[in-house]
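First the structure, in the form of structure tokens, and then the observations on it.
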């Protein structure tokens, strides 16, 4: 049963397949916006298999950390996918504080990317790691404040399935003023967690040639790319569970996920990349202020 949950459904295999298909949708829409044909539906699967067969080049500096980092990122996303799936499908099997555990685990992919880039000892990778560190420190504050709003609106609940049940009875948290503020902030933080434009400065192919990933090749690179594709599933589902869980029938979950995926793609294709100092000012400035206003609204019942 544990093998089924973690490796088939709702864990690794299911999330990986849906993530690859979502990545294809992203690439296809981006291509159409740029007046290109775009890849076929199986391109993400073909890219992953092709990378698995490529030579793995390992820098002399800290080889173990360099190779362990992508596995750490993939493992954390797999655990999050399993926890979220179990909370939706079998609420009685969740545990107290799983919301805090998920928030913690969602920081590990970025941390693993930083560790892997630092272990490569490549100057461009170091620039990418530095940018990623600053980006994480920037978006985590408004992201945590938006999670605090959810906890306040639900009456102090820190178990995901309890928050879901609360919304099924009282309506979605998104329908309140403070919930709407938190939802908008969480979407922008999600864009940064995914490393998508306008917050892709840690990779920035045109500037630092893939940055943090510049030394990765073969299977480790495939694992990092797969992790990002799985995050493209996990993060929207996480936001749906916390903000928009008044109806979790299969068709409604699919519709809500597609809406969030469209928003992610629209933001990606309608904004230029910002500088890291601009991202920091944005998240620590307007976004944090907006989230603090949202916390105040939640405390007074709005």
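Since every read-out is calculated from the coordinates, none of them should be taken as a lab result. Please read these numbers as outputs of a predicted model, since none were measured by experiment. Methodologically, a virtual Cβ is constructed for each residue, glycine included, from the backbone with ideal geometry; neighbour enumeration extends over all protein chains shown.
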### Task
Could you tell me whether segment 141-154 includes any residue that is in contact (Cβ under 8 Å) with a residue 12 or more places away in the chain, assigned to a loop (DSSP other than H, G, I, E, B), surrounded by fewer than 23 Cβ atoms within 10 Å (Cβ to Cβ) and over 20 Å from the mean Cα position of the chain (by Cα)?
yes
### Query
Of the conditions (1) within 28 Å of residue 245 (Cβ to Cβ); (2) buried (at least 17 other Cβ atoms within 10 Å of the Cβ); (3) over 22 Å from the mean Cα position of the chain (by Cα), residue 23 fails just one. Which one is it?
(3)
### Message
Of the conditions (1) in contact (Cβ under 8 Å) with a residue 60 or more places away in the chain; (2) closer than 25 Å to residue 133 by Cα; (3) touching a helix residue (DSSP H, G or I) at 6+ places or on another chain (Cβ under 8 Å), residue 242 satisfies every one except a single condition; which number is it?
### Response
(2)
### Task
Look at segment 9-38 and say how many of its residues are closer than 14 Å to residue 230 by Cβ and not in a helix (DSSP H, G or I).
3
### Segments classed as helices (runs of 4 or more DSSP H), wholly inside segment 43-136, with at least 3 members that are closer than 16 Å to residue 217 by Cβ and in contact with a helix residue (DSSP H, G or I) (Cβ under 6 Å, 6 or more places away or on another chain)
43-52, 63-89, 108-120
